[in-house]
Amino acid sequence: MFFINGQLMITRTSMPQSIGTVLDGMKRNALQAVRQTMQENRLQSAPMGIDVRMGWTDEDGRTRCGTVTGLNLDGERLKVQVRDHSLPFVLDEQQLPCGSHIWLMRLNDTIRNALTQKRQSA
């Protein structure tokens, strides 16, 4: 901060965020939005009525992809069931690649749309 002609001037001293940091923040926010949608609607599980494809990195570091068939909320952990995989796995933001916020937002929209349709048909 400094003064020019009696006016207080504030300078930006921090470095701009890297694109990776921004994308990680978007991914974190999108993952939290899915959690929040399920918690607000007291959903323990949500079957998927449409195809939502996702990608992730497995424990061996290999990139995988598949179609989400269901979603479970176990406390704070989101477990995803993927077609052709016998066991659900926990959605961990560290294992999700950059750009995952896009399909996470689609997943959240799918859950919200299913809830809206359920309310309208009741």
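The values are calculated or read from the model by the stated rules, or taken from the named source; none is laboratory data. Model, not experiment: these values are computed from the prediction. As a convention, Cβ positions derive from the backbone with ideal geometry for all residues, glycine included, and neighbour counts pool all protein chains shown.
A few comments on the model shown:
- Filtering segment 49-78 to residues that are surrounded by fewer than 16 Cβ atoms within 10 Å (Cβ to Cβ) and of a type in the set (Ser, Thr, Tyr) leaves THR57, THR63, THR67.
- Filter pass, VAL82 being closer than 20 Å to LYS27 by Cβ and either surrounded by fewer than 16 Cβ atoms within 10 Å (Cβ to Cβ) or among the hydroxyl-bearing types (Ser, Thr, Tyr) (or both): no
- Exclusive hit being at pLDDT 75 or above, over 26 Å from VAL22 (Cα atoms) and in a loop (DSSP other than H, G, I, E, B), set LEU43, LEU115, LEU87: LEU43
- Counted residues, segment 47-68 - those being polar (S, T, N, Q) and under 16 Å from the mean Cα position of the chain (by Cα): 2
- Any hit, segment 51-63, residues being under 18 Å from ALA30 (Cα atoms) and either touching a helix residue (DSSP H, G or I) at 6+ places or on another chain (Cβ under 6 Å) or assigned to a helix (DSSP H, G or I) (or both): yes
- The set of residues from segment 91-122 being of a type in the set (Asp, Glu) and in contact with a helix residue (DSSP H, G or I) (Cβ under 7 Å, 6 or more places away or on another chain) comprises just one member, GLU93.
- Failed item in (1) farther than 14 Å from ILE111 by Cβ; (2) in contact with a strand residue (DSSP E or B) (Cβ under 7 Å, 6 or more places away or on another chain); (3) surrounded by 15 or more Cβ atoms within 10 Å (Cβ to Cβ), with LEU43 passing the rest: (1)
- Restricting segment 69-84 to residues that are part of a loop (DSSP other than H, G, I, E, B) and at negative phi, the residue that is farthest from the chain's Cα centre (by Cα) is ARG83.
- Residue pairs whose Cβ atoms lie under 6 Å apart, separated by 6 or more positions or on different chains, with the first residue in segment 12-28 and within 30 Å of LEU107 (Cα to Cα) and among the hydrophobic types (A, V, I, L, M, F, W, C) and the second surrounded by 11 or more Cβ atoms within 10 Å (Cβ to Cβ) and at pLDDT 80 or above, are MET26/HIS101.
- The lone criterion from (1) at pLDDT 80 or above; (2) over 16 Å from the mean Cα position of the chain (by Cα); (3) surrounded by 12 or more Cβ atoms within 10 Å (Cβ to Cβ) left unmet by SER18 is number (3).
- Filtered residues of segment 90-112 (kept if at pLDDT 80 or above, hydrophobic (A, V, I, L, M, F, W, C) and over 13 Å from GLN32 (Cβ atoms)): ILE102, TRP103, ILE111
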